[in-house]
Amino acid sequence: MANAVYKTITVKPISPMLGAEIEGVDLSQPLSNAQFDDIHTAFLKHHVIFFRDQTLTPEQHLAFGRRWGTLNVHPYVKSMAGYPEILEIIKEPTEKINFGGGWHSDMSFLEVPALGSILHAIEVPEVGGDTLFASQYGAWDALSPGLQKTLEGLRAIHSAAEEYGSGGASSKKRASMDSEVVGDEVPEYEHPVVRTHPETGRKGLYINPAFTLRFAGWSKKESRPLLDYLFEVCRREVYTCRFRWRPGSIAMWDNRCVWHYALNDYHGQRRHMRRVTVNGDQVR
Ligand code: SIN
């Protein structure tokens with residue numbers, strides 16, 4: 001993959017660690033197998049890929065998503081009317097809190113988390129509202145062999161409790177996005193701390209500040225110092241890239257090896273995105 005050759009698209013990396021802009025494809029049209037194979041290769045190589053000037057109806061957005069797998073229906077956030085597999089991510093000029101405004105990996109709180117997310121910009125602020133991405137392969141590669149060995153034996157507990165549970169962030173925010181507050185009944189799932197990517201075979205850390213509560217078999221208090229150290233490594237600037245949106249931009253990221261963070265620096269302006277989330281497989 002180091003020297004991928006593309007037959008149908010042009011791929012321009014935006015940083016050495018992750019992120020590439022793809023040119024030469026109209027995602028509103030059905031993709032040939034050759035086009036899909038090229039996009040798939042770029043996705044695995046760069047972990048988050050970007051497209052500009054795309055105009056997709058909800059149906060075309062869903063059709064692109066279905067090329068990658070089955071689609072997720074968010075268990076806690078209300079979908080776009082008539083489209084259960086599309087999340088409308090909206091922040092109105094009057095609101096202060098955004099959706100996704102902290103480092104996370106989508107849906108790690110499920111038993112079978114997401115493969116990828118495809119975010120389409122409908123309306124974006126004049127300036128601000130960029131999204132940051134961080135490579136979890138990079139974070140893993142940075143650790144000492146001793147710590148890597150320790151982590152390979154660990155599993156972690158993930159849950160949406162701190163976001164969607166009673167008293168969670170979503171219980172007090174976002175008039176424009178309806179989230180269900182699920183009381184104290186939020187399920188917990190256990191995943192390995194070190195994930196082997198099912199397609200590339202590369203190892204990466206699979207924990208995140210939004211949804212990872214503790215190591216399995218450890219208390220919250222015992223887990224905190226090591227989690228905090230790892231989170232600091234996971235978001236080091238050298239493993240990140242930053243995407244500046246325009247209306248019609250699309251980002252697709254690989255939740256199996258990438259964190260993302262929606263910056264909330266545009267109070268008073270409107271931001272409207274649509275997200276389709278592709279289901280993944282059991283974390284191994
Ligand atoms: C998200 O899916 O977490 C939102 C990302 C964004 O709005 O930039």
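Taken together, the values in this text are just the output of simple stated rules run on the coordinates, not laboratory data. Remember, it's a predicted structure, so these values are computed and weren't measured experimentally. Cβ sites come from the backbone with ideal geometry, for glycine too, and all protein chains shown count toward neighbours.
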Check: Taking the Cβ of Lys12 as the center, what net charge do the other residues with Cβ under 10 Å away carry, scoring Lys and Arg +1 and Asp and Glu -1?
Finding: -2
Item checked: Residue-averaged 222 nm ellipticity for the chain, from DSSP H runs of 4+ at -39500 (n - 2.57), nearest 500 -> -6000 deg cm²/dmol
Item checked: Rounded Å value of the spacing that divides the Cα centres of region 7-48 and region 53-108 -> 21
Next item on the list: With both partners inside region 10-278, how many of the DSSP beta bridges are antiparallel, as a percent to the nearest 5?
Entry: 95
Next item on the list: Report the net charge of residues surrounding Gly138, where surrounding means a beta-carbon distance below 11 angstrom and charges are Lys +1, Arg +1, Asp -1, Glu -1.
Entry: +1
Margin query: How would Met80, Met107 line up from fewest to most surrounding beta-carbon atoms within 10 angstrom?
Written below: Met80, Met107
Note to self: Let's test the formula: R0 of 22 Å, r as the Cβ-Cβ distance of Thr196 and His40. What FRET efficiency results, to the nearest 0.05?
What the structure shows: 0.75
Next item on the list: Rounded to the nearest 0.05, what FRET efficiency do His272 and Tyr83 give with R0 = 22 Å and r taken as the Cβ-Cβ distance? Could you check?
Entry: 0.95
Margin query: Rounded, prolate or oblate for the chain? Axes are the square roots of the Cα gyration tensor eigenvalues, ordered a ≥ b ≥ c, and the cut-off for rounded is a/c under 1.5.
Written below: oblate
Next item on the list: Find how many whole Å separate the alpha carbon centroid of region 132-167 from the alpha carbon centroid of region 181-242.
Entry: 3
Notebook entry, point to check: Label points 7 Å out from Cα along the Cβ direction at Arg284 and Ile122: separation in nm?
Noted result: 3.9
Notebook entry, point to check: Within straight cross-link reach of Lys78, meaning Cα distance under 12 Å, which aspartates and glutamates are found once same-chain residues fewer than 8 apart are removed?
Noted result: Glu88, Asp178, Glu180
Checklist line | Partner lysines for Lys45 [C-alpha distance under 17 Å; skip if fewer than 8 residues away on the same chain] | finding: Lys7, Lys12, Lys203
Check: Under unit Cβ charges (Lys, Arg +1; Asp, Glu -1), what dipole magnitude, rounded to 20 debye, does the chain have relative to its Cα centre?
Finding: 480
Next item on the list: Could you check the simple spin-label distance between Ser219 and Asn33, using points 7 Å along Cα→Cβ, in nm with one decimal?
Entry: 5.8
Notebook entry, point to check: If r is the Cβ-Cβ distance from Arg67 to Arg246 and R0 is 25 Å, what FRET efficiency results, to the nearest 0.05?
Noted result: 0.60
Next item on the list: Select from the chain the helices, each a whole stretch of DSSP H, whose alpha-carbon atoms run 15 Å or more along the helix axis and whose Kyte-Doolittle mean is at least -1.0; answer none if there are none.
Entry: 33-46, 220-234
